[in-house]
1. First compute the accessible area of region 73-118 with a 1.4 Å probe, then give the percent of it belonging to carbon and sulfur atoms.
2. If each of Y211 and E180 carries a label point 7 Å out from its Cα toward its Cβ, how far apart are those two points in nm?
3. Based on the alpha-carbon gyration tensor of region 111-218 and its eigenvalue square roots a ≥ b ≥ c, which shape applies: rounded if a/c is under 1.5, prolate if not and a/b is larger than b/c, or oblate?
4. With a point put 7 Å past each Cα toward its Cβ, work out how far L94 is from S285 in nm, to one decimal.
5. Full-extension gain between E148 and R103, please, as 0.36 nm times their residue separation minus the C-alpha to C-alpha distance.
6. For region 238-245, what does the Karplus curve 6.51 cos²θ - 1.76 cosθ + 1.60, with θ = phi - 60°, yield as ³J(HN,Hα) per residue in whole Hz, taken in order and with x for Gly and Pro?
7. Show the residues, 5+ positions off or on another chain, whose built amide H is closer than 5 Å to the amide H of E191.
8. Once R0 is set to 30 Å, what does the formula 1/(1 + (r/R0)^6) return for the Cβ-Cβ distance between R113 and W249, expressed as a FRET efficiency to the nearest 0.05?
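The values are calculated or read from the model by the stated rules, or taken from the named source; none is laboratory data. Predicted model, so just to flag it, every value in this text is computed and none were measured. Please note: Cβ atoms are built from the backbone with ideal geometry, for glycine as well, and neighbour counts cover all protein chains shown. All accessible areas refer to the heavy atoms of the entire protein, side chains included, with ligands and DNA or RNA removed. Shrake-Rupley method; radii C 1.70, N 1.55, O 1.52, S 1.80 Å.
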Amino acid sequence: MALKLLSKLRNQNLQITRNRNLHRLLDAARFFSEQPVSNLSTPDDSKFIIKNKQQTTTSSLKQHELAKFAAISDTWWDSEGPFKPLHNMNPTRLAFIRSTLCRHFSKDPNCARPFEGLKIVDVGCGGGILSEPLARMGATVTGVDAVEKNINVARIHADLDPETSTIEYCCTTAEKLVEEQRKFDAVIALEVIEHVAAPAEFCKSLAALAYPGGATVISTINRSMRAYATAIVAAEYLLHWLPKGTHQWSSFLTPEELVLILQRASINVKEMAGFVYSPLTGRWSLSDDISVNFIAYGTKDGQ
């Protein structure tokens, strides 16, 4: 009983600290709300406008990023391969998603399939390492990725299990889904926004995919010197956890910038947490430290 009480108090204190951090971020976002967001997209975004005779579609994709991930698409389900950090982080990411979405949709987080009845889209799904556990938790999942090789790998792996064979995988973009007027209860984009050309436009597309009152979950890497040292220098060049060139520090967003971008896309951030890695246990855990990896949950304004 005493251990349970201590655990409960620890979680409450962590939640209070997260709320304080979120309030600081919201204050900072309000302070900068009159500033233009042009600095939050790459100078050559115009390169990523796809044109044809019928219509013009703006895409937030970077073509060199697509090529980079296509080259290693066959290794998505190799837990010791280039995507090992995501495999290791996945249980912690899912814990945050489970907690926030269950609270948002008044679901029981302790049941086996808490997302039963929810339509969730996993934007930038890769090989499906997040889509599959979401489906096992009862959600009707749509996984989308602009790299066809990723989608092929995801489909093949999902078909190995009847619980995940129902996932709808599409080689497309968030912008295309918006054009098709697709809507979802929850929109999730983890470790994606740092790879797009126009974060603000990307977030507008994510917001358009959510029903009014729906939920959005985004994770990314902070543009801090600590993140440069750990997520790039250490992870890519010293420890070789990731292929060299996986990340560009200039493409990272600070928590304040992400909050502001989401606010302008009619998504109000309700909770934010950090991911911290323990070299002793080799595991990730949720924390109030958002100086490197962080995740945010927000709700779309009702209409």
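1. That share works out to 50 percent.
2. Reported label-point gap for Y211 and E180 is 1.9 nm.
3. Judged from the Cα gyration tensor, region 111-218 comes out oblate (a/c at least 1.5, b/c at or above a/b).
4. For the pair L94/S285, the computed spacing is 2.0 nm.
5. Fully extending the segment from E148 to R103 adds 12.8 nm.
6. 9, 8, 6, 5, 10, x, 4, x
7. Excluding prolines and chain starts, which carry no amide H, the hits are S219, T220.
8. 0.15
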